[in-house]
């Protein structure tokens, strides 16, 4: 029997409530709630089957709210957790059973981890055994310093938000140029998401050119799209705008469907 047709997936969103305990040392606190029922409503309104929920940085390593959200809609949701480097293999197995498909390193404004020290070697070995990916959110200028070591450790990597090029440099950012070459590696994936974090016009020539270059270098099979809902720290952005942006970046309908459905279904095991 043929495999069923992959269903469209939003590969990057967050759910949380302001009443939750926030992690010490966080960069910011959320101004509004982002509730699961509201997120599922956005998926339904745009004809999307499911989504990948990313643990917000301000909740630290307490993934309980994320896991509860997945538990409430297990056929529609997967998750990416944040864990301590010393997390036990048993705890990682429990996360896997709860619908988690990877871990996130949100390194914006943070020091890079020393992956050959402490609990990191064992953690990376566990991630390989689980076939999880490591999602990296970091400024483009530092991508090579974290993606390179992760690939040397044979971990699959997902680079967030176009690789976060410097807004003043755009596609000419040396870090983004490095990502274009790194994306030829079949272990490196990139999310077409959060363009408004990089450019003042997410639907415009700069983001369109960046997407074109990523398609050219990464190929069509290791790019995914994410809404980045609820667009933290960017209150003027709407879900509809982020969904419309994908059509602006990727004009070819067949390619857009691969980015929207086949690729995330494979990466996140829907």
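Computed from the coordinates by the stated procedures, all read-outs in this text should not be read as laboratory data. Only a predicted model underlies this, so the values are computations on that prediction, with no experimental measurement involved. Cβ coordinates were reconstructed from backbone atoms using ideal geometry, including for glycine residues, and neighbour counts include every protein chain displayed.
Run the simple label-point estimate for residue 33 and residue 90 please: 7 Å along Cα→C-beta, distance reported in nm.
3.5 nm
Based on DSSP, what percent of beta bridges with both residues in the chain are antiparallel, to the nearest 5? Each step should come with its number before you reach the end.
Values: 1 of 27 bridges.
About 5 percent, rounded to the nearest 5.
Going by average Cβ density within 10 Å per residue, which order do the peptides 62-69, 105-112 take, highest to lowest? Let's see the in-between values first.
On the way: 62-69: 18.2, 105-112: 14.1.
Highest mean packing first, the order is 62-69, 105-112.
If N is the number of residues in the range 78-180, what value comes out of its Cα radius of gyration divided by 2.2 N^0.38 Å? Each step should come with its number before you reach the end.
Working: Rg = 14.1 Å, N = 103, 2.2 N^0.38 = 12.8 Å.
Scaled against compact globular proteins, the figure is 1.10.
Is the range 1-107 rounded, prolate or oblate when judged by the Cα gyration tensor, a ≥ b ≥ c being the square roots of its eigenvalues, rounded requiring a/c under 1.5 and prolate requiring a/b larger than b/c? Before the final figure, lay out the partial values.
Working: a/c = 2.23, a/b = 1.29, b/c = 1.73.
Judged from the Cα gyration tensor, the range 1-107 comes out oblate (a/c at least 1.5, b/c at or above a/b).
For the chain, set up a Gaussian network in which alpha carbons nearer than 10 Å are linked by springs, and say which option among 232, 61, 172 fluctuates the most.
Of 232, 61, 172, the Gaussian network model singles out 172 as fluctuating most.
Label residue 266 and residue 120 with points 7 Å out from Cα along Cα→Cβ: what is the distance between them in nm?
Those two pseudo-labels are separated by 2.9 nm.
Have a look at 120, 249, 225 and tell me which one the Gaussian network model of the chain (Cα, springs below 10 Å) gives the largest fluctuation.
In this elastic network of the chain, the residue with the biggest mean-square fluctuation among 120, 249, 225 is 120.
Taking the range 109-252 on its own, what percent of its Cα-Cα pair distances exceed 26 Å?
Numbers: 2522 of 10296 pairs.
Of all Cα-Cα pairs in the range 109-252, 24 percent lie more than 26 Å apart.
Among 239, 28, which comes first, second and so on when ranked by fewest other beta-carbon atoms within 10 Å? Display every interim value, and only then the final one.
Values: 239 22, 28 11.
Result, fewest neighbours first: 28, 239.
Give the label of the value calculated from the structure for mean projected area of the Cα convex hull in nm², choosing from (i) 12.0; (ii) 13.7; (iii) 16.0.
Derived directly from the coordinates: (ii).
In Å and from the alpha-carbon atoms only, list the Rg and Dmax of the range 32-73.
11.1, 32
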